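A single structure is presented below for examination.
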Amino acid sequence: MTVAYSAAAGVATIALDRPEARNALNLEMCEALLSSLERATAEDARVVFIRGNGPTFCGGADLKERTGKSEQWVRERRLKAFAAYEAIEALPMPCIALVHGAAIGSGVEIAAACDFIVATPQATFRTPEAQRGTVGATQRLPRILGKRLAKDMMFTGRALGAREAQEAGLVARVVQDLDAAMAEIAEAILKAQPLAMRLAKRTIDRGIELDPRGAREAEIEAIEEQLASGQWMGKK
């Protein structure tokens with residue numbers, strides 16, 4: 001078991017579960033993440049939380065598993081990780097990362113692929129791929145942080161603390177108690193209409209990639225879809 005999955009009352013929790021390896025992302029964990037995300041969708045979860053078991057959120061890719069592997073294996077392994085990150089982004093329901101301790105490399109990718117991040121004051125975010133002689137984590141962070149801060153992190157390997165990450169727009173909330181924050185967020189989302197929540201997520205994600213006219217049209221499309229459903233403003 002590299003990922004622990006649990007669900008109750010519309011809330012799905014996906015926990016990275018290799019604490020002995022600092023929750024380092026290996027091929028098995030990539031596949032388990034994909035399976036868990038598919039399960040949350042199939043079970044119509046209303047909200048998904050991704051967190052790490054043990055003292056670290058995710059210590060990055062598991063470099064040990066690559067020892068002796070071919071270039072083709074490494075290539076396929078990286079593509080599997082990309083598929084997991086993209087599957088997180090593609091979830092129709094809200095998905096929130098709960099980060100404590102270090103999020104490094106792949107850990108930053110997993111957290112950044114969620115809709116937003118809630119972190120403890122002790123959380124840190126680091127992308128040392130270039131320092132380690134590889135390429136990765138080059139796409140999401142520039143879009144979130146801007147290219148200059150993303151380059152600073154990538155070129156020097158320096159970590160952002162939780163507060164600096166919040167100021168830069170990577171972290172939405174810094175809290176002392178992740179479990180309390182999780183309960184508060186879940187309660188708020190479960191009170192909302194499921195269709196409205198999913199349409200809001202879809203429209204924000206689409207709109208940010210479009211020009212203002214296209215973004216407005218995406219919102220109008222969502223409004224029309226909700227009107228057609230008969231669920232406008234909570235009406236059945």
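So which residues in the stretch 121-131 are open to solvent by 10 Å² or more (accessible area, probe 1.4 Å), part of a loop (DSSP other than H, G, I, E, B) and under 17 Å from Ala168 (Cβ atoms)?
Pro121
Only residues that are open to solvent by 40 Å² or more (accessible area, probe 1.4 Å), touching a helix residue (DSSP H, G or I) at 6+ places or on another chain (Cβ under 7 Å) and closer than 23 Å to Pro194 by Cα: list them for the stretch 80-94, please.
Glu89, Pro92 - these are the residues of the stretch 80-94 that are open to solvent by 40 Å² or more (accessible area, probe 1.4 Å), touching a helix residue (DSSP H, G or I) at 6+ places or on another chain (Cβ under 7 Å) and closer than 23 Å to Pro194 by Cα.
List the helices (runs of 4 or more DSSP H) inside the stretch 132-236, counting only whole elements, that have at least 2 residues being out of contact with any Ser or Thr (no Cβ under 9 Å at 6 or more places or on another chain), among the polar types (S, T, N, Q) and buried (at least 17 other Cβ atoms within 10 Å of the Cβ).
So the answer is none; nothing clears 2.
Residue-by-condition table, conditions (1) surrounded by fewer than 15 Cβ atoms within 10 Å (Cβ to Cβ); (2) farther than 16 Å from Gly107 by Cβ; (3) of a type in the set (Lys, Arg); (4) touching a strand residue (DSSP E or B) at 6+ places or on another chain (Cβ under 6 Å):
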position	(1), (2), (3), (4)
Glu31	no, yes, no, no
Leu34	no, yes, no, no
Thr41	no, yes, no, no
Asp44	yes, yes, no, no
Phe49	no, no, no, yes
Gly52	no, no, no, yes
Ala61	no, no, no, yes
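The values are calculated or read from the model by the stated rules, or taken from the named source; none is laboratory data. This one's a predicted model, so the numbers in the text were calculated from it and none came from an experiment. All Cβ positions, even for glycine, are placed from backbone atoms using ideal geometry, and neighbour counts span all protein chains on display. SASA here: full protein model, heavy atoms, side chains in, ligands and nucleic acids out. Shrake-Rupley method; radii C 1.70, N 1.55, O 1.52, S 1.80 Å.
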